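*Asks:* Pasting a structure below so you can have a look.
The values are calculated or read from the model by the stated rules, or taken from the named source; none is laboratory data. If you're wondering where the values come from, they're calculated on a predicted model, not measured in any experiment. Here the Cβ positions follow ideal geometry from the backbone for every residue, glycine too, while neighbour counts run over all protein chains shown. Accessible surface areas use protein heavy atoms only, side chains included; no ligands, DNA or RNA. Shrake-Rupley method; radii C 1.70, N 1.55, O 1.52, S 1.80 Å.
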Amino acid sequence: EVAKEFPDRWLFTNGYANRARPPEGIGPLAANLGIQSAMLDSCTFHPINDPKCWHRQVYQNVLDRWTTDLRCVFIYDYDPAKALDGLPFPMLHNLQNDFGYFKSRGVWGFWTEGQNCWMVTHLNYYIRSRLMWNAQANVRALVRDYCEKFYGGAARPVEDYIWTMEKAVGDAPIHVTFGRLVPWQVIYTPKVTKKLDRDIAEAIRLTANTPQASHVQVLDFVHQYIRAYLNMEETVATGDFAGGVRQADEMLRLRGELGRINPALIPVTPEWASKGDGALEWYRKTYKELADRMNGSRGNLVAMTPRRWQFRKDPERIGTFEQWYAPEAKGRWDNLDSTMYWEAQSLQDRRGYGYAGHAWYRTVVAVPVDAGGKPLRLAIGGIYGSEMWIWINGRLVDHRARLNARNPFDIDVTSHIRPGETNQIVVLIEPLPADRNARGGLHRRVFLWSPRGSQ
């Protein structure tokens, strides 16, 4: 109807949130309709039609349908397309692959949402702008030219640094969408970080007493920031939450150093985002709250459960009927790290779909005899799942639905723990549906503590 009166005008809208996918079964769309197709629910670690990433295969189908049905399609994407942690996010491998495909589908252009964090995104922006002029440009040649002009004598080690990061992200065994937590420790492995260390050290050596030394210094600060994040997560994985707070403070210090050079390099998180899951301030607050349960501030540690728990898949959902929660339950149990959700530990199929069935965790923990007479809490550091059941020594003690996967919570287990004995803890998880989140699993240490003031 609009086209009848205004044949030379477009009606333009955003294909976002619950409108990200094309409408079904309503017939041809109007010829004057345009769409801004958001990559909101699409993994940003992998390129279009990556055979190991179902997210990107789905998005290719979405884009194909929009560009078949409409003449005007823009892309709404995110750069950095991940959490608010401030870590660099290289995605040149995606840009090299995807821009040619966007052009072949007749995409008009982009609206890109950023976060004013130059050292997280600057090379992505530069390469993106060059590919907008020539979608078939050689990205490796563009990166080499950039490094030679910006880093001078350190061009070679910086270029190696860039491509080492790129490969680590491209090979990542996880799938990350905008606003979701990134377990960087499975990407920047010790082998990768040692290579990055060598590249940075060589770049510093080659630019000593040159104008490019300040450019390398900024890159070194960011590298130290990455290192501090990895140290934070590994420290927390050992159960040392106070150590995690110290590493978060080191990240804040490095962010301050960068801010004195330019506040937009890794900027201070704005107030409205500082409480958001994934912001550096959120990490610090979360680890401080867990540390305070253990160090006498809010309470005292009674017992830390092991980092690795026994794990058992239950796709037929017969575990409760067969009483897998019982201390004497038999059967084959594997082992899984309790500080990382199960998709990040290879529990996904060849297309990247995480395991979708029920799954069980169990462990035992020795509780000291002096815990008797004290109120006891079980701190669940973090858990992905839509529903959870917990048994202690064979008795169901808690059931929760609509879990907040990222934040810790406590369960009162005073009447279920037997002080002076070894106690069994069993957790059953109903995973999340296949969407933007990780499917399921524990992702932070679990421990027993007693609130302050208890006797």
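*Asks:* Quick check for me: using +1 on Lys/Arg Cβ and -1 on Asp/Glu Cβ, what's the dipole size of the chain about its Cα centre, in debye to the nearest 20?
*Replies:* 400 debye
*Asks:* Modelling each spin label as a point 7 Å along the Cα-to-Cβ direction, I'd like the D314/N18 distance in nm, to one decimal.
*Replies:* Placing both labels 7 Å beyond Cα along the Cβ direction yields 3.2 nm.
*Asks:* What list of ³J(HN,Hα) couplings, whole Hz, do you get for segment 434-440 from phi and the Karplus terms 6.51, -1.76, 1.60, once you set θ to phi - 60° and write x for glycine and proline?
*Replies:* 5, 8, 6, 8, 5, 5, x
*Asks:* Okay, next question. Heavy atoms only, 1.4 Å probe, whole protein assembly: order F409, F311, F12 by accessible area, highest first.
*Replies:* F12, F409, F311
*Asks:* Right, here's the next one. What number comes out for the charge environment of V268, summing +1 per Lys or Arg and -1 per Asp or Glu over other residues with Cβ under 11 Å away?
*Replies:* Spelling it out: positives minus negatives among the neighbours equals -1.
*Asks:* While we're on this one: At 222 nm, what helix-only mean residue ellipticity would the chain give, in deg cm²/dmol to the nearest 500, using -39500 (n - 2.57) for each DSSP H run of four or more?
*Replies:* Result for the chain, helices only: -11500 deg cm²/dmol.
*Asks:* Loop-only check: which chymotrypsin sites (Phe, Trp or Tyr not before Pro) in segment 73-163 are DSSP coil with at most 15 other Cβ within 10 angstrom?
*Replies:* Hits after loop and neighbour filter: W108.
*Asks:* Which whole-Hz ³J(HN,Hα) couplings does segment 395-402 yield from phi under the Karplus relation 6.51 cos²θ - 1.76 cosθ + 1.60, θ = phi - 60°, glycine and proline marked x?
*Replies:* Coupling constants for segment 395-402: 10, 5, 10, 7, 9, 9, 10, 6 Hz.
*Asks:* Tell me, what HN-Hα J-couplings in whole Hz come from the Karplus equation 6.51 cos²θ - 1.76 cosθ + 1.60 at θ = phi - 60° for each residue of segment 416-423, using x for Gly and Pro?
*Replies:* Each residue of segment 416-423 in turn: 10, 7, 10, x, x, 10, 8, 10 Hz.
*Asks:* Please give me the summed charge of the neighbours of I380: other residues whose Cβ is under 14 Å from its Cβ, Lys and Arg +1, Asp and Glu -1.
*Replies:* Working: positive: R293, R377, R400, R406, R444, R445; negative: E289, E387, D398, D410, D412.
Net local charge, I380 excluded: +1.
*Asks:* Here's another thing I want to ask about it. According to a simple spin-label model (label point 7 Å from Cα along Cα-to-Cβ), what is the distance in nm between R332 and D349?
*Replies:* About 2.0 nm separates the two model spin labels.
*Asks:* What's the longest uninterrupted piece of the chain once you rule out the trypsin sites (Lys or Arg not before Pro) that are loop residues per DSSP with at most 11 other Cβ within 10 Å?
*Replies:* In short, 10-274.
*Asks:* In terms of modelled amide H atoms, which long-range or inter-chain residues lie less than 5 Å from the amide H of H443?
*Replies:* G382, I383, Y384
*Asks:* How charged is the neighbourhood of H358? Take every other residue with its Cβ under 11 Å from the Cβ of H358, and add Lys/Arg as +1 and Asp/Glu as -1.
*Replies:* That sum, taken over residues with Cβ under 11 Å, equals -1.
*Asks:* Sticking with this structure for a sec: Nearest 10 degrees, 0 to 90: what angle lies between the long axis of helix 190-206 and the longest principal axis of the chain (Cα atoms)?
*Replies:* Between the helix axis and the principal axis of the chain, the angle is about 50 degrees.
*Asks:* Given a Förster distance of 22 angstrom, what is the FRET efficiency for L252 paired with N295, based on the Cβ-Cβ distance and rounded to 0.05?
*Replies:* Rounded to the nearest 0.05, the efficiency is 0.60.
*Asks:* Tell me which of N231, I429, A208 sits at the most positive position along the dipole axis of the chain, charges placed on C-beta atoms (Lys, Arg +1; Asp, Glu -1).
*Replies:* N231
*Asks:* Moving on. Write down the Å³ per residue value for the convex hull defined by the alpha carbon atoms of segment 236-326.
*Replies:* So the per-residue hull volume is 177 Å³.
*Asks:* Next question, about the same structure. Please calculate how many Å² of accessible area segment 166-277 carries per residue, with a 1.4 Å probe and no DNA, RNA or ligand atoms counted. Don't skip to the end; give the middle numbers.
*Replies:* Working: 5010 Å² over 112 residues.
Using a 1.4 Å probe on heavy atoms only, each residue of segment 166-277 averages 45 Å².
*Asks:* Run the accessible area of segment 1-132 with a 1.4 Å probe and give the carbon-and-sulfur part as a rounded percent.
*Replies:* After summing per-atom areas, the C and S share lands at 55 percent.
*Asks:* Less than 23 Å apart at the alpha-carbon level, and either on another chain or at least 8 residues along: which lysines does that give for K4?
*Replies:* Output for K4: empty list, no partners.
*Asks:* Can you return the lysines within cross-link range of K374? Criterion is Cα-Cα under 29 Å, with same-chain partners fewer than 8 residues away left out.
*Replies:* K285, K288
*Asks:* Using unit Cβ charges (K, R positive; D, E negative) and no other charged atoms, how large, in debye to the nearest 20, is the dipole of segment 369-455 about its Cα centre?
*Replies:* 240 debye
*Asks:* Separate question: Give me the number: length gained by fully extending L33 to W272, i.e. 0.36 nm times residue separation minus the C-alpha to C-alpha distance, one decimal in nm.
*Replies:* 82.6 nm
*Asks:* Can I ask one more? How much length is gained on full extension from W108 to Q136, taking 0.36 nm per residue of separation minus their Cα-Cα distance?
*Replies:* Numbers: separation 28, 0.36 × 28 = 10.08 nm, distance 1.61 nm.
Result for the pair: 8.5 nm of gain on full extension.
*Asks:* Extending each Cα 7 Å along its Cβ direction at D412 and N49, get the distance between those two points in nm, one decimal.
*Replies:* So the label points at D412 and N49 sit 5.8 nm apart.
*Asks:* With a probe of 1.4 Å, find how much accessible area segment 1-156 has per residue, and write the answer as a whole number in Å².
*Replies:* Value for segment 1-156: 49 Å² per residue.
*Asks:* Please report the carbon-and-sulfur percent of the accessible area for segment 307-356; probe 1.4 Å, protein heavy atoms only, DNA, RNA and ligands left out.
*Replies:* With neighbouring chains kept in place, the figure for segment 307-356 is 46 percent.
*Asks:* May I ask you to derive the FRET efficiency for I261 and F321 from their Cβ-Cβ distance with R0 = 60 Å, giving the value to the nearest 0.05?
*Replies:* 0.45
*Asks:* Which of the GluC sites (Glu not before Pro) found in segment 318-404 are loop residues per DSSP with 16 or fewer other Cβ atoms within 10 Å of their Cβ?
*Replies:* The qualifying sites are E322, E328.
*Asks:* Which entry is the computed Kirkwood radius over Cα pairs in Å for this structure: [x] 22.4; [y] 24.4; [z] 23.2?
*Replies:* Of the listed options [x] 22.4; [y] 24.4; [z] 23.2, [y] comes from this structure.
*Asks:* Here is a follow-up. Cα to Cα, under 13 Å, and not fewer than 8 places away if on the same chain: which aspartates and glutamates meet these conditions relative to K330?
*Replies:* Counting by Cα, and skipping residues close in sequence, K330 has these aspartates and glutamates nearby: E322.
*Asks:* Another one. Between R452 and K285, take the C-beta separation as r, use R0 = 22 Å, and let me know the FRET efficiency to the nearest 0.05.
*Replies:* 0.70
*Asks:* Using alpha-carbon pairs under 8 Å, 6+ residues apart, how would you state the relative contact order of the chain in percent?
*Replies:* Across the chain, relative contact order equals 14 percent.
*Asks:* Sorted from largest down, give the three principal axis spans of the alpha carbons of segment 227-272, whole angstrom values.
*Replies:* Taking max minus min along each principal axis of the Cα atoms, segment 227-272 gives 35, 24, 12 Å.
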